[in-house]
Amino acid sequence: MTKSQKAIPRLSVFQTFKTKDGEFTGEAMRQRGIIMHLALETLPTKKTRTAIAHKLAEKNGTTWQNIYSGIFRDLDEILLPLGIVQESGRLPIKRGPKALQEQGVPYYQLTEGGLLVAASLSEMINERPKIIYDFFEKNSNSKDKDLKSSILTLLDVAPNFVSSLLRKYVESYSKGKIEQLIPFDSDGIKKAFDESLMIHRELLEGFSSLSDTDREPIMNFLKKVG
């Protein structure tokens, strides 16, 4: 395969086994682990390839050497080229090859797009509000001001809807339906809308049009079945 024939890298955080519905592949779990680690960790020394490998190995009950090559590949061939992760700086080292000592060891951080991916992961439910606030703080120049206000409001009143919205958005990007994660705007979200999100929208629009008298029995019904 020539360089021009190489496949375009695809994000795999929602990739599942074809024969095991709902079970994430090893590549998906690795990429999720890398992204979650970078979303939560603050110390540069904990955000190098080796540090990430140690952390994921500890979680999975294996040795860091067993997963280091996979992490190296995920970073260098997928997450970095896609702009999900970026190099944040380099740490000096005293041992190893002279060239490496001079250049230092790279450590990483999530980009704006990486923050969106992190916020879309189910494992990040408790950290999701902070991640989204961090995203909008970094993305303060966005022209879609209504989107920011809407997402932050929905985050308070309908967090599961925001979770579903972000997952569909990132999945659409992974499948090539959306070319770029950034800008995160109404046009991109529109491309990610599927039947489930349309149902959510229909319920929201319909419920908001009801009188208080009509809303009460619906709320009682939803509480009983939910």
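What dipole magnitude, in Debye to the nearest 20, does region 126-225 give about its Cα centre under +1 on Lys/Arg Cβ and -1 on Asp/Glu Cβ?
Values: 16 positive and 17 negative charges, 57 e Å.
For this selection, approximately 280 debye.
What does the net charge come to around ILE218 if you take all other residues with beta carbon closer than 13 Å to its beta carbon, with K and R at +1 and D and E at -1? Could you put the intermediate results ahead of the total?
Working: positive: ARG215, LYS223, LYS224; negative: ASP212, ASP214, GLU216.
Its environment carries a net charge of 0.
Among LEU80, THR48, LEU38, which residue has its Cα furthest toward the positive end of the charge dipole of region 35-121, with +1 on Lys/Arg Cβ and -1 on Asp/Glu Cβ?
THR48
At a 10 Å Cβ-Cβ cut-off, how would you order TYR169, TYR68, fewest neighbours first? Present the calculation step by step, with values, prior to reporting the outcome.
On the way: TYR169 24, TYR68 17.
Ordered from fewest to most neighbouring Cβ atoms within 10 Å, TYR169, TYR68 come out as TYR68, TYR169.
Helix 159-174 versus the longest principal axis of the chain: what angle, 0 to 90°, nearest 10, using Cα atoms?
50
If you fit an axis through the alpha-carbon atoms of helix 195-208 and take the longest principal axis of the Cα set of the chain, what angle between them do you get, 0 to 90°, nearest 10?
Between the helix axis and the principal axis of the chain, the angle is about 40 degrees.
If the only charges are +1 at each Lys and Arg Cβ and -1 at each Asp and Glu Cβ, what is the size of the charge dipole of the chain around the Cα centre, to the nearest 20 debye?
Values: 33 positive and 29 negative charges, 215 e Å.
Roughly 1040 debye, rounded to the nearest 20.
On a 0 to 90° scale, report how tilted helix 212-225 is relative to the longest principal axis of the chain, with both axes built from alpha carbons and the result rounded to the nearest 10.
Helix 212-225 and the main axis of the chain meet at about 50 degrees.
Within a Cβ distance under 13 Å of THR153, other residues only, what is the Lys/Arg minus Asp/Glu net charge? Before the final figure, lay out each step's value.
On the way: positive: LYS145, LYS148; negative: ASP146, ASP156.
Net charge in that neighbourhood comes out at 0.
Calculate one ³J(HN,Hα) per residue across region 118-133 by plugging θ = phi - 60° into the Karplus curve 6.51 cos²θ - 1.76 cosθ + 1.60, and present them in order as whole Hz with x for glycine and proline.
Couplings: 4, 5, 7, 7, 4, 5, 9, 4, 6, 8, 4, x, 5, 5, 5, 4 Hz.
Give LYS148/LYS177; LYS20/LYS138; LYS18/LYS145; LYS47/LYS168; LYS20/LYS191; LYS138/LYS223 a once-over and call out the pairs whose C-alpha atoms are over 30 Å from each other. Walk me through the numbers before you get to the answer.
Working: LYS148/LYS177 22 Å; LYS20/LYS138 38 Å; LYS18/LYS145 40 Å; LYS47/LYS168 28 Å; LYS20/LYS191 27 Å; LYS138/LYS223 38 Å.
LYS20/LYS138; LYS18/LYS145; LYS138/LYS223, as the Cα separations exceed 30 Å there.
How large is ³J(HN,Hα) for each residue in region 54-60, as worked out from phi by the Karplus curve 6.51 cos²θ - 1.76 cosθ + 1.60 (θ = phi - 60°), to whole Hz, x for Gly and Pro?
For region 54-60, the Karplus-derived couplings read 4, 5, 5, 5, 4, 5, 9 Hz, x marking Gly and Pro.
Could you sort 119-132, 201-214, 151-164 so that the peptide with the highest average Cβ count within 10 Å comes first and the rest follow in order?
Details: 119-132: 17.4, 201-214: 9.9, 151-164: 14.6.
Ranked by mean Cβ neighbours within 10 Å, highest first: 119-132, 151-164, 201-214.
Pick out, from VAL13, ILE125, GLY89, the residue whose Cα sits farthest towards the positive end of the charge dipole of the chain, with +1 on the Cβ of Lys and Arg and -1 on the Cβ of Asp and Glu.
Toward the positive end, the furthest listed residue is GLY89.
Using amide H atoms built in the peptide plane, which far-off residues or other-chain residues are under 5 Å from THR16 H to H?
Here THR25 satisfy the definition.
Between THR63 and LEU91, with labels modelled 7 Å along Cα→Cβ, what's the label distance in nm to one decimal, could you check?
In this crude label model, THR63 to LEU91 measures out at 2.1 nm.
Amide H of LEU91 versus every other amide H placed in the peptide plane: which residues, excluding those fewer than 5 positions away on the same chain, fall under 5 Å?
When sequence neighbours closer than 5 places are left aside, the close amide H contacts are VAL105, TYR107.
Every number in this text was worked out from the coordinates using simple rules, so none of it is lab data. This one's a predicted model, so the numbers in the text were calculated from it and none came from an experiment. All Cβ positions, glycine included, derive from the backbone under ideal geometry; neighbour counts span all protein chains shown.
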